[in-house]
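Asker: Got a structure here, written out as structure tokens. Questions coming.
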Amino acid sequence: MLQSRIIPSLLIRDRGLVKTRQFKDDKYVGDPINAVKIFNEKEVDELAIFDIDASVQGREPDFAHLKSIAVESRMPLCYGGGITSARQAAALIALGFEKVSVSAAALERPELIREMAEAVGRQSVVVTIDVKKGLLGGPGVVSHNATRKHKVKPLDFAAQAVDLGAGEIVLNSVDRDGMMQGYDLDLARALRERVTVPLTILGGAGTPAHMAELIDALGVVGAAAGSMFVFKGTYRAVLISYARP
């Protein structure tokens, strides 16, 4: 039986662990491998790792670094960043990652989702949708660290991704990233009504109560967070922790 998952989301830049606010103002918070070791001890449900510069720089995943992370991990792992081919997805699965996430490349060429599903199985294919409010207030799809806008609507793209073979959708709010004031529950509910595959919601969680609200609203869901698991207190001192709602 499926159960809700509590998922730390780690952002990598230049092989270091960083945390952003609204996809900007990144702060170095440590070494990813050390973080993985700590999360191992805390028996985390799942760990998501995103290289936030790979797509922007037009380079493929750093397989050597990711291998060193996978070797240390005793948790299910999901990786996203720079994936543009089914071959790369298969290579990541071979390293020990259970899931591979694609975003920018799938927006540019949606057929990639089908190719990845055929190569590694749809249960391992995650499509991450970064959303940001536009000038008129509605959510729009962005990529490349929110520097590129796309005309497709978030819910439409999610439905298309599922039709093509996505086994999971990650909905990531740019506006709420690092703000720790709660998830966009309205958009999350709308997505739940549109697709039936597993969902993970990211962006805004600051307390276990925020995660409990999300689970109450959606039922079985992945509740992901970054700042909540790496910062402590008003001054955002770095302290890696793990709490359940």
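Quick note: the coordinates plus some simple rules give every number you see, no bench work behind them. These figures come from a predicted structure and were not determined experimentally. FYI the Cβ positions are ideal-geometry reconstructions off the backbone, even for glycines, and counts take in every protein chain you see.
Asker: For segment 145-245, what Kirkwood radius comes out of the mean inverse Cα-Cα distance, in Å?
Answerer: Hydrodynamic radius (Kirkwood, Cα only) of segment 145-245 equals 14.4 Å.
Asker: Can you list which of the trypsin sites (Lys or Arg not before Pro) found in segment 59-151 are DSSP loop residues with at most 15 other C-beta atoms within 10 Å? Mind dumping the intermediate values first?
Answerer: Numbers: sites: R59, K67, R74, R87, K99, R114, R122, K132, K133, R148, K149, K151; in loops: R59, R74, K151.
Filter output for segment 59-151: R59, R74, K151.
Asker: Further question on the same structure: Please tell me which of these pairs span more than 28 angstrom C-alpha to C-alpha: K19/K133; K19/K99; K27/K151; K99/K149?
Answerer: Check vs 28 Å cut-off fails for K27/K151.
Asker: Which shape class applies to segment 120-172: rounded if a/c is under 1.5, otherwise prolate when a/b exceeds b/c and oblate if not, where a ≥ b ≥ c are the square roots of the Cα gyration tensor eigenvalues?
Answerer: Values: a/c = 2.83, a/b = 2.04, b/c = 1.39.
Prolate, because a/c is 1.5 or more and a/b exceeds b/c.
Asker: Mind listing the long-range amide H neighbours of V102? Cut-off is under 5 Å, sequence gap 5 or more, other chains count too, H placed in the peptide plane at 1.01 Å from N.
Answerer: V126, V127, T128
Asker: Once you have the alpha carbon radius of gyration of segment 1-107, what is it after dividing by 2.2 N^0.38 Å, with N set to its residue count?
Answerer: On the way: Rg = 13.4 Å, N = 107, 2.2 N^0.38 = 13.0 Å.
Scaled against compact globular proteins, the figure is 1.03.
Asker: Report the label-to-label distance for Q181 and T196 in nanometres (one decimal), using points 7 Å from each Cα along the Cα→Cβ vector.
Answerer: My value for the distance between the label points is 3.7 nm.
Asker: For the chain, what class follows from the C-alpha gyration tensor (a ≥ b ≥ c being the square roots of its eigenvalues): rounded when a/c is under 1.5, otherwise prolate if a/b is larger than b/c, else oblate?
Answerer: Here the chain falls in the rounded category.
Asker: Quickly rank 221-228, 177-184 as a protection proxy: mean count of other C-beta atoms within 10 Å, highest first.
Answerer: 221-228, 177-184
Asker: Helix-derived [θ] at 222 nm for the chain: sum -39500 (n - 2.57) over DSSP H runs of at least 4, divide by residue count, nearest 500?
Answerer: My calculation for the chain gives -9500 deg cm²/dmol from helical runs alone.
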